[in-house]
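The structure appears below as structure tokens.
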Amino acid sequence: MKKFILDLIVKENVRVNKQYVLLILTADEALPPMLPGQFVEVKVENSPNTFLRRPISINYVDYKKNELWLLVQIVGDGTLKMSELKENDSVNLILPLGNTFTLPEKKDSKILLVGGGVGTAPLLYLGAYLKENGYPCSFLLGGRSKDNLLQLCDFESIGEVLATTEDGSFGEKGFVTQHSVLNKIKFDAIYTCGPTPMMKAVAEYAKRTNTFCEVSLENTMACGIGACLCCVTDTTEGHVCVCTEGPVFNIEKLKW
Amino acid sequence: MKKFILDLIVKENVRVNKQYVLLILTADEALPPMLPGQFVEVKVENSPNTFLRRPISINYVDYKKNELWLLVQIVGDGTLKMSELKENDSVNLILPLGNTFTLPEKKDSKILLVGGGVGTAPLLYLGAYLKENGYPCSFLLGGRSKDNLLQLCDFESIGEVLATTEDGSFGEKGFVTQHSVLNKIKFDAIYTCGPTPMMKAVAEYAKRTNTFCEVSLENTMACGIGACLCCVTDTTEGHVCVCTEGPVFNIEKLKW
Amino acid sequence: MANLNINIGDLQLKNPVMTASGTFGYGTEYSDFMDISRIGGIIVKGTTLRERQGNPYPRLAETPSGMLNAVGLQNKGVDYFVNNIYPTIKDVDTNVIVNVSGSEVSDYVATAEKLNGLDKIPAIELNISCPNVKEGGMAFGTSCVSAVQVVGAVRKVYKKTLIVKLSPNVTDITEIARAVEAEGADSVSLINTLLGMAIDAKRRKPVLSTITGGLSGPAVKPVALRMVWQVAKAVKVPVIGLGGIMTATDAIEFMLAGASAIQIGTANFIDPAVCVKVIEGIESYLNDNNFSSVKDIIGALEV
Amino acid sequence: MANLNINIGDLQLKNPVMTASGTFGYGTEYSDFMDISRIGGIIVKGTTLRERQGNPYPRLAETPSGMLNAVGLQNKGVDYFVNNIYPTIKDVDTNVIVNVSGSEVSDYVATAEKLNGLDKIPAIELNISCPNVKEGGMAFGTSCVSAVQVVGAVRKVYKKTLIVKLSPNVTDITEIARAVEAEGADSVSLINTLLGMAIDAKRRKPVLSTITGGLSGPAVKPVALRMVWQVAKAVKVPVIGLGGIMTATDAIEFMLAGASAIQIGTANFIDPAVCVKVIEGIESYLNDNNFSSVKDIIGALEV
Ligand SMILES: Cc1cc2nc3c(=O)[nH]c(=O)nc-3n(C[C@H](O)[C@H](O)[C@H](O)COP(=O)(O)OP(=O)(O)OC[C@H]3O[C@@H](n4cnc5c(N)ncnc54)[C@H](O)[C@@H]3O)c2cc1C
Ligand SMILES: Cc1cc2nc3c(=O)[nH]c(=O)nc-3n(C[C@H](O)[C@H](O)[C@H](O)COP(=O)(O)OP(=O)(O)OC[C@H]3O[C@@H](n4cnc5c(N)ncnc54)[C@H](O)[C@@H]3O)c2cc1C
Ligand SMILES: Cc1cc2nc3c(=O)[nH]c(=O)nc-3n(C[C@H](O)[C@H](O)[C@H](O)COP(=O)(O)O)c2cc1C
Ligand SMILES: Cc1cc2nc3c(=O)[nH]c(=O)nc-3n(C[C@H](O)[C@H](O)[C@H](O)COP(=O)(O)O)c2cc1C
Ligand code: FES
Ligand code: FES
């Protein structure tokens, strides 16, 4: 897919909660095609502590409204500065980067998307994309408490939403891998993104139940386009770049 | 004089013209005493290209309104960022720094303040201070054209304003040192601040006419408080720091 | 219009802007962002005799105005390059130069020999300055004796333009530069990365898997500029300057200090189209200042 | 409450935070901004046997995340220090340490001898690493032979704590560190500035009057941290770490890498009250992580 360096315009900066903002970006020209699982590299301005670009998942693309959504968790200076972007500010992105999820062959496959924390970001676009292509799917979202479950309404508009919270304030109490649905239904495909321990637990479940499973990895990146070789992960084929051969990996390929 | 590190609040950011802003700063507590000729060191935020603080002259202090005025010429990233400060923004300053002008003994002395470009900044406060202390003074301001003569109304409220412009759009045509007043009146004291060639020409005139003359020097500075020895100028007493033994120097002391 | 042509040995560059090894992949990674044939020279990834997996993750730490990397020369080896990569890049209309590394002198020699036969590779850059590998690498570039060994041996088998990339982690870089010049290097390029380190105070662990790594980016520019200035006065062969170049102004500074050409590394990560911007910026500078050729600014610093 | 005491030879510090020579004047310049007696040690300006005017203006260039200086040891000489400055600072309730420089071994010795008699100066720091003077300075610190000469000679006459400040502009800093340790240095401090250069492309002139200058600030931190890590493993005497420390976290990184104490230089220019903030930040870190003494984090990096 052709990659672009674009200056997008902030159409809206929605404060989701103390830790999260949703940036709705747009442009005069039509946004280029982007696939679920792909990400962008954001140039952060006015931040003396942020030298490199910051990778952020594509949260959603609304081609009709010509909108690109980025869900940003504030963890350091770079994401803080992103969260302070104002309507009509310009932000420079490289996009679209990375690979995408592998869709099942059969449209009637039982598909589960498992997300935790800001890892739910790519799953929204994946869910919407699946739906658009005729695949029904369910979401299993985990968080510490209800406040940590993001974009619930958006997820609910796409498919069934199951949830676990550590404090029991929403859905079942516990971790995602403890959710009862996993004992009841045999899924054909599981896609997951979230904290590494969570993804590892999901991968273990998938292996145990012999389920197709793809995970979306995070990693520190410099270039985002396969040029620097800084973002490798260890696979059965040796060190490969998360930014080009990932971020989405079949668990069979990972050395987990 | 005791020095302070203070977070002041932007009360107003007046756009003077394309190249200049006037920052009117204030604080909850009373501003400390400051003298004409002194300067502040501004910490510039959100500017990856600005590592060190930036020295800016005290343009005016209004103790009644608890206001500190800084007149800023946009020349690079640091001053650009200063020019973008908004009402209620906080700005960190070290102040007051440097020495002050030496006032004549006699109150009926003939005093001329000669300024060019942003070098007129400290002269406003000096003029006001002289007036308050019972010294009448005249200003001789120079610029390329009328647009480059800053704060004319403020100067006029203090004393007589003479001017030269290179294009003749205001006052006499030419450079300040060509102004007719210099042939007509023998001044007792001249204070000058502006581009180095201008100050050197004024100093030459003063020497020729045997007039007491002080100049306010610019220099690249790191600490602003006499600790780093980066800001020296060569004097009859050797290398001295402009930030502590200046910025105001008697021309007799300089090796001009 | 100013003339931007520059020669480095027999190597003819349409302009003095090259890409730094390890930061530009094989060039093709950047072709979506600009016409890479406009670049004076593309120096591809560090290539070794045999495939290398490089160092474990994490390999990257961000630092003030720079970054540390500990890639460790991950590449599929020279044979793979010759058979699989060369065919895909040989028709790019610019100079493709291979950066060669090794753990033993014989590795360098064998790799250089294999590259000598490739028509469309007019030059190699000997990397005797990689700080991220246990054996060889920087060790070769920090003593005259070993630098001379490797350059001398490669010079015997490699007939085209031989650039030697120097390490800044030395007391006197001019000594090494003169030594490799005497062995027949056609040019020296500098600097490779400065050896640095980052620590995560919270976890009380090094950030990089290898503890130390190579520092690059604007943070190192003052050091790089100083070394280029020193080396340009010390040797007669053309000097290629790099280290922290982000803009055309930076590039011009290196040329004023004595560099005949420059390389852009880390800046590619921040702006993947930076190379053409630097080329255009140099051109404007020359035109604005009435220089008819870029050669006029090489070493033109007034001191 | 964690214990912040640290000893460097016979020198007792109430906390590991010191100020770097040449960046803190004689300390009094900063007394409006904080209680300077809270600082573990104040290392005053580089002092030489005779008065020095230093280098011509300009002496300063701003660089990405750092600065270059070319002050060149301007000071009024050791006699002036003893007679005029010492009386005004000797009653500050902390350790005042004099940084000593010279162009010949005999200068260092004579200066150290004069300082040996001063009651309230418990230590000196030998600066064999100043890059901004033509003779002596860095030249002493970039070869073992000359470093040994000057340290050996001073050790004979100076009876109190002798710290030797090392230059980072060397191939192997551990070699020099071991050499000066063997000559009786009680501690080594590192790093002094990296030799760098800045150019004004518009005027085609060097920014500094001396063409090259010393690089300091956050830009050099990764290099400084690496060198402290290397030297702490190579010597038994306590290591004092510095180079780009801006925050308590930076200071903690140096201590984890093996520094027993740290110095703050350029950061004082950005925030004249930074020293007390760093002291407080170290204290919080120790308390938050249940360390009873700052000694527990020295070299505590898990590798
Ligand atoms: C492919 C990919 C997709 C991503 N998608 C999103 C997204 O949609 N939304 C979002 O908010 N974030 C996402 N991230 C993470 C995001 O890139 C980091 O949070 C961001 O770079 C941190 O920048 P900062 O300057 O705010 O923090 P820094 O100051 O750089 O770091 C602050 C803290 O966060 C840690 N940290 C930094 N980078 C990462 C990282 N990549 N992973 C884990 N911890 C890190 C640091 O160790 C440090 O403790 C993604 C990362 C990748 C690789
Ligand atoms: C005592 C003193 C008082 C000053 N008072 C004022 C004032 O009241 N208002 C005001 O606008 N400016 C004043 N200045 C100048 C001001 O400090 C500089 O313009 C400012 O530091 C430039 O910062 P920058 O980041 O915008 O530009 P930079 O990016 O640092 O520099 C941009 C350009 O300006 C040049 N430059 C930088 N600093 C100086 C300097 N100190 N003198 C001359 N040229 C410089 C550089 O060489 C460069 O070409 C004063 C300077 C001093 C020393
Ligand atoms: C991620 C990365 C990988 C690198 N790999 C190599 C390499 O394989 N061979 C080499 O000679 N230099 C390598 N370098 C060094 C660069 O080519 C260059 O010398 C250095 O980064 C300084 O230039 P810069 O500041 O413009 O990046 C690498 C640098 C980076 C950042
Ligand atoms: C303006 C300036 C003057 C300095 N003068 C001296 C000096 O006289 N003696 C010395 O040993 N080091 C001197 N240094 C070096 C510092 O003490 C310190 O080693 C260096 O700046 C690195 O630390 P930093 O990054 O915290 O500033 C000077 C540094 C600066 C910036
Ligand atoms: S981030 Fe550069 S290769 Fe992946
Ligand atoms: S700016 Fe540091 S001494 Fe004047």
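Quick look at the values:
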item: Top positive-direction residue, dipole computed over segment B:4-97 with Cβ charges, set B:V40, B:L25, B:S57; result: B:S57
item: Per-residue [θ]222 nm for chain B (sum of -39500 (n - 2.57) over DSSP H runs n ≥ 4, rounded to 500); result: -4500 deg cm²/dmol
item: Two-site label geometry, A:D167 and B:E105: point separation in nm, points 7 Å out along Cα→Cβ; result: 7.8 nm
item: Tensor-based shape of chain D (alpha-carbon gyration tensor, a/c under 1.5 rounded, otherwise prolate or oblate); result: rounded
item: Peptide C:52-63, shielding by other chains (average Cβ, 10 Å cutoff); result: 6
item: Share, in percent, of DSSP beta bridges within the protein assembly as shown that are antiparallel, nearest 5; result: 50 percent
item: Relative exposure of A:C137, A:C153, A:C193, judged by other C-beta atoms within 10 Å (fewest first); result: A:C153, A:C137, A:C193
item: Copy-to-copy label separations for C:S37, where each label sits 7 Å from Cα toward Cβ, in nm and ascending; result: 7.6
item: C:Q149 versus A:F4: modelled label distance in nm, points set 7 Å from Cα along the beta carbon direction; result: 5.4 nm
item: Inter-copy separations for A:P136, label at 7 Å along Cα-Cβ, nm, ascending; result: 9.6
item: Shielding by partners - mean other protein chain Cβ count within 10 Å, residues of A:3-9; result: 2
item: Net charge of neighbours whose Cβ lies under 10 Å from the Cβ of A:E67, counting Lys and Arg as +1 and Asp and Glu as -1; result: +1
item: Bridge type composition, chain C - antiparallel percent by DSSP, nearest 5; result: 35 percent
item: Within chain D, helix-based [θ] at 222 nm, where runs of 4 or more DSSP H residues each add -39,500 (n - 2.57), nearest 500; result: -8000 deg cm²/dmol
item: Chain C, relative contact order in percent, only Cα pairs under 8 angstrom and at least six apart counted; result: 20 percent
item: Anchor C:K160: aspartates and glutamates whose Cα lies under 17 Å away (excluding residues fewer than 8 positions away in-chain); result: C:D10, C:E113, C:D119, C:E125, C:E181, C:E183, C:D186
item: 0 to 90° range, to nearest 10: angle between helix A:196-208 axis and chain A longest Cα axis; result: 40 degrees
item: Test item: Cα-centred dipole of chain C, Lys/Arg +1 and Asp/Glu -1 on Cβ, debye; result: 800 debye
item: Unit charges at the beta carbon, dipole of chain B: most positive-side option, B:V242, B:V202, B:P104; result: B:V202
item: Ranking of D:S106, C:S216 by count of other Cβ atoms within 10 Å, fewest first; result: D:S106, C:S216
item: Segment A:156-187: chymotrypsin sites (Phe, Trp or Tyr not before Pro) in DSSP coil with no more than 16 other Cβ atoms inside 10 Å; result: A:F175
item: Where trypsin sites (Lys or Arg not before Pro) fall in DSSP loop in segment B:1-38, at most 10 other Cβ within 10 Å; result: B:K2, B:K18
item: Nearest-20 debye value, segment A:161-256 charge dipole, Cβ charges on Lys, Arg, Asp, Glu; result: 260 debye
item: Rounded to 10°, Cα long-axis angle of helix B:121-132 versus longest principal axis of chain B; result: 70 degrees
item: Ranked list, fewest to most other Cβ atoms within 10 Å of each Cβ, for B:L97, B:L254; result: B:L254, B:L97
item: Along chain D, longest interval not containing exposed trypsin sites (Lys or Arg not before Pro), exposed being DSSP loop plus at most 16 other Cβ atoms within 10 Å; result: D:237-303
item: Cα gyration tensor, the protein assembly as shown - rounded (a/c under 1.5), prolate or oblate; result: prolate
item: Contact order relative to length of segment A:4-97, as percent, for alpha carbon pairs under 8 angstrom and 6 or more apart; result: 42 percent
item: Set of aspartates and glutamates with alpha-carbon distance to D:K277 below 14 Å, sequence-local pairs under 8 removed; result: D:D35, D:D250
item: Two-site label geometry, D:E280 and B:N49: point separation in nm, points 7 Å out along Cα→Cβ; result: 3.4 nm
item: Given D:K45/D:K165; B:K253/D:K90; A:K2/A:K65; C:K45/C:K205, the pairs whose alpha carbons are separated by over 25 Å; result: B:K253/D:K90; C:K45/C:K205
item: Debye, to nearest 20: dipole size of the protein assembly as shown, +1 on Lys, Arg Cβ, -1 on Asp, Glu Cβ; result: 1260 debye
item: Nm distances between copies for D:V303, ranked from closest, using label points 7 Å along Cα→Cβ; result: 3.7
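Each value in this text was obtained by applying a stated rule to the coordinates, not by laboratory testing. All of these numbers come straight from a predicted model, not from anything done at the bench. Positions of Cβ are generated from backbone atoms using ideal geometry, with glycine treated the same way; all protein chains shown enter the neighbour counts.
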